[in-house]
Amino acid sequence: MKIAIHPLTADPTAAWRELSQHQKVVKINTKLPTTEAPSDKLRVVCMSDTHSLTPFIKFDVPAGDVFIHAGDFTKCGSLQEVIEFNNWIGNLPHKHKIVIAGNHELSFDPTFTHPFSVHTSGDHQKHTGTSILDDIPTLGMSKDTLAEAIKTTNIKDYLTNCIYLEDSEIMVNGIKIYGTPWQPEFCHGDLCCTGVRAGCVELLSTVQNRVKPKYHVFGHIHEGYGISSDGKIIYINASTCDLNYLPSNPPIVFDITLPPGIKKS
């Protein structure tokens, strides 16, 4: 299906101003369940943007059948951060644990790691690495820290306690879950504290007109935490960290009715 590019695609704030005239946006209260999921439903627990701050989380992660982490589980994707996250997620009780990378997981992006794996000698590696580092957003960290992070080229191998999705999908009890980490990572308006909109117009168009999922789970814009709906799709910004990088937002939980004839394994 071919989708026309919106004429205001380069200006999300102006585009949303126009789209909001006919976009239905219903805010849905986030509420943690007090009972177990019925046998005919799959319980999904969502978090995002924990930024290596899981030791400081003061809430219990609710039980469920599926746990989804929608990216930014580290500060820069360093090996130590990934190992610590893998240990943390390994202690969660959920049978299915699904993870995608966020923009902070630099070591998961071959754009940054490839030069270090290809060029292995002296000045050539140093020159290439420096030019790549100049293109990396600082993420509030030193370039030495970023350089160290992207040197690990097999970083995905360290996620042994979860399923990592990258332009791929998994079927869980008849429910398809597709994960992709690439930009753009936003969706339903994404109002920032500055008053501008960070959302991608083309992603919203693709989600609404081509993919049409029942649920769209994401993060990145911390102040956008919460649930909304356009009447057909449920949009979930599961950012755990707030605007001040405090991991204070509780997980978002929802139940999906299983397809006819399907039972939990």
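The values are calculated or read from the model by the stated rules, or taken from the named source; none is laboratory data. None of the values given here were measured: they were computed from a predicted structure. As a convention, Cβ positions derive from the backbone with ideal geometry for all residues, glycine included, and neighbour counts pool all protein chains shown.
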Legend entry - Among residues of the stretch 1-48, those that are of a type in the set (Gly, Ala, Ser), out of contact with any Gly (no Cβ under 6 Å at 6 or more places or on another chain), in contact (Cβ under 8 Å) with a residue 24 or more places away in the chain and under 25 Å from residue 225 (Cβ atoms), counted: 3
Inset, instruction - Return the total of residues in the stretch 83-110 being surrounded by fewer than 21 Cβ atoms within 10 Å (Cβ to Cβ), of a type outside the set (Lys, Arg) and in a loop (DSSP other than H, G, I, E, B). - result: 6
Legend entry - Among residues of the stretch 224-247, those that are surrounded by fewer than 15 Cβ atoms within 10 Å (Cβ to Cβ) and touching a Ser or Thr at 6+ places or on another chain (Cβ under 8 Å), counted: 1
Inset, instruction - Identify, by number, the condition in (1) at pLDDT below 95; (2) in contact with a Cys (Cβ under 9 Å, 6 or more places away or on another chain); (3) β-branched (Val, Ile, Thr) that residue 98 doesn't meet. - result: (1)
Inset, instruction - Any residue in the stretch 164-182 that's under 10 Å from residue 101 (Cβ atoms): show its pairings with residues that are modelled with pLDDT under 95 and not in a loop (DSSP other than H, G, I, E, B) at Cβ separation under 8 Å, as long as the two are six or more apart or on different chains. - result: 166/108; 181/108
Inset, instruction - Output the number of the condition that residue 43 fails; it satisfies all remaining conditions of (1) of a type in the set (Lys, Arg); (2) exposed (fewer than 14 other Cβ atoms within 10 Å of the Cβ); (3) under 24 Å from the mean Cα position of the chain (by Cα). - result: (2)
Inset, instruction - Assess whether residue 82 counts as being at pLDDT 95 or above, β-branched (Val, Ile, Thr) and more than 18 Å from residue 108 (Cα to Cα). - result: no
Inset, instruction - Look at residue 165 and say whether it is of a type in the set (A, V, I, L, M, F, W, C), surrounded by 14 or more Cβ atoms within 10 Å (Cβ to Cβ), modelled with pLDDT under 85 and touching a strand residue (DSSP E or B) at 6+ places or on another chain (Cβ under 9 Å). - result: no
